[in-house]
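One structure below.
Bear in mind these aren't lab numbers, they're just calculated from the coordinates by the rules spelled out. Here the structure is a predicted model, which means the values were calculated and not measured. Because the Cβ atoms are built from the backbone with ideal geometry, glycine has one as well, and the counts that use them run over all protein chains shown.
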Amino acid sequence: MEDSTVHPASFICQCEKIRIMKPVIIIAIAFVLLIPLPVFAQDVYIQIDDLPEWADYASNVMYLSTEAWKEANEGLQFYKVDSGSDFTVKWVREFGGEYVGYAYGNQFIEVGLGDSNCGNHWNPYSESYMSHIMKHEIGHIFGNEHDNNPDSIMYPVALNREYGVVEEEYRLTAGYGQFVPFCTIKDLTSYEFSFSTTDETYGFDYYIVPSGDEFDKWVESGTFQHYSNKDCFGEGWLSISGTCKGVSAGSGIMILLGEDLTSPLVTITVKQYEQPNIINSKSPLSSKSITNPGVFSPVGSELLDSAEQARDELQRKLFDMKYKKIHDESVIKLQKEKQEREEALENKLREEKYQAEIQQMREAQEKIEAEKVIQQKIEEKTVSSICGTGTILNKNGQCVPEPPLHGDPEPSSKGGGCLIATATYGSELAPQVQQLRELRDNKLLQTE
Ligand SMILES: [Zn+2]
């Protein structure tokens, strides 16, 4: 888990503007992506940043990703906490460039909420795609490196990019058409859609076509090809929703307005949602001829559109700047916190070592003291054994006779040896006895 490597190039996006997009990779279709085993049973605490208000489509992503890891690793548990987490999850509106997810060491994860790689504006990712990214980045948190197996969740290229519901509005006038690309990168897929117009009387025709080229053909010659499965085309609708199955990468929607409109400009709302299911067969193509009425200038809506695009762009830039600031700040903060933790740990260890040394010294001191006491006792015993039987050492260091239980205290003030001297010299008051006494007291007893 001690990995401070940055994994910025986790995912590579194969997207270009969809009109010129060719499938550049063979997409490996895998219902269940391999999740590396084992992580070992443990409790994992995650701090999850709140999703932006507009991104509630991602509210299940964390649940789905952690469930997948739990299923693959028995005993693994995840807990959402407000502080003291093992790692933090942050959301990014759009990374820009090729990244859709990011793991910083084992400290935090950032997951993209969408990108601007389809059409000319930002689109949200689908729940399943975001869950895929999240699972991959959690893999990094658990210390997994990239894996060359395309079925592994640790495969570094995020295949099957999917958007959530993509909604756009187009201002059109009579006889005008619009091509709206689907945002898929799959070879074969299905789209749920819903289209509506602000005109309450005159409807629109729609055709789901294999590429933007069909729209150009309609402009040039009025003849084009479209998918002919159920729901894949319709005429004269004010509002319609359905599912067109079996369309390929590069396909999209052609919306065509007739000659009659209630007002000069109508707004067409186009919603598209790529279905996560796998499709086996392609919708057949049919030819269609509609005389191009020749009225083909986007009227004043171009100005409106470019003003809106500029505003969107500005908002995106502001968001990116704000995000970058938050991102940089959190990196600095996390690094600072890590340093502080390390310093605190170092201080703690140093303090513990210091305390242990003090304790050791104290114990050694106590041992010395104890030994001293024992030594003293031994010495006392040794010294007292210097005096002969029936005598004891008095406080002046003299061997004196043990006091008898009854009787004359006089002999007790004299040394035991003195009795012999007294006997030799006839009286204890004899000058020779006194001389011997002084010799004993001053020399013999003082030199141990
Ligand atoms: Zn990665």
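Numbers at a glance
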| read-out | value |
| --- | --- |
| Radius 11 Å from Cβ of P276, net charge of other residues (Lys, Arg +1; Asp, Glu -1) | -3 |
| Kirkwood Rh in Å, taken over the range 166-299 so that all alpha-carbon pairs contribute | 14.8 |
| Sequence of L429, L76, L64 once ranked by neighbouring C-beta atoms within 10 Å, starting from the fewest | L429, L64, L76 |
| For E94, residues with placed amide H under 5 Å, excluding near neighbours | L113 |
| Order by protection proxy (mean Cβ within 10 Å, highest first), peptides 202-210, 138-146, 347-355 | 202-210, 138-146, 347-355 |
| Rough spin-label spacing in nm, given labels placed 7 Å along Cα→Cβ, for K336 and I278 | 5.0 |
| GluC sites (Glu not before Pro) within the range 78-144: DSSP coil, no more than 14 neighbouring Cβ in 10 Å | none |
| Computed FRET value (nearest 0.05) for S289 with V157, which takes r as the C-beta separation and R₀ as 51 Å | 0.75 |
| Neighbourhood charge, 14 Å Cβ-Cβ cut-off, centred on L51 and excluding it, Lys, Arg +1 and Asp, Glu -1 | -3 |
| Derived scalar couplings ³J(HN,Hα) [the range 175-183; Karplus, 6.51 cos²θ - 1.76 cosθ + 1.60; whole Hz; x for Gly, Pro] | x, 9, x, 9, 9, 10, x, 6, 9 |
| Under 5 Å, built H, 5+ apart or other chain: amide partners of V44 | Q77, F78, Y79 |
| Phi to ³J(HN,Hα) by Karplus 6.51 cos²θ - 1.76 cosθ + 1.60 over the range 248-262, Hz, x for Gly, Pro | 9, 4, x, 6, x, 10, 9, 10, 10, 9, x, 6, 9, 9, 5 |
| Cross-link pairs beyond the 26 Å C-alpha cut-off, checked among K70/K338; K135/K230; K186/K217 | K70/K338; K135/K230 |
| Residue-span extension gain [D187 to D147] - 0.36 nm each, minus C-alpha spacing | 12.0 nm |
| Spin-label model distance (nm) - T269 vs L345, 7 Å beyond Cα toward Cβ | 5.4 |
| Note, ³J(HN,Hα) from phi for the range 214-225, Karplus 6.51, -1.76, 1.60, rounded to Hz, x at Gly and Pro | 5, 5, 4, 5, 4, 4, 6, 10, x, 10, 8, 10 |
| Estimated inter-spin distance, K377 and Y354, nm [label 7 Å along Cα→Cβ] | 3.8 |
| Amide H contacts under 5 Å for A158, placed H, 5+ residues apart | I12 |
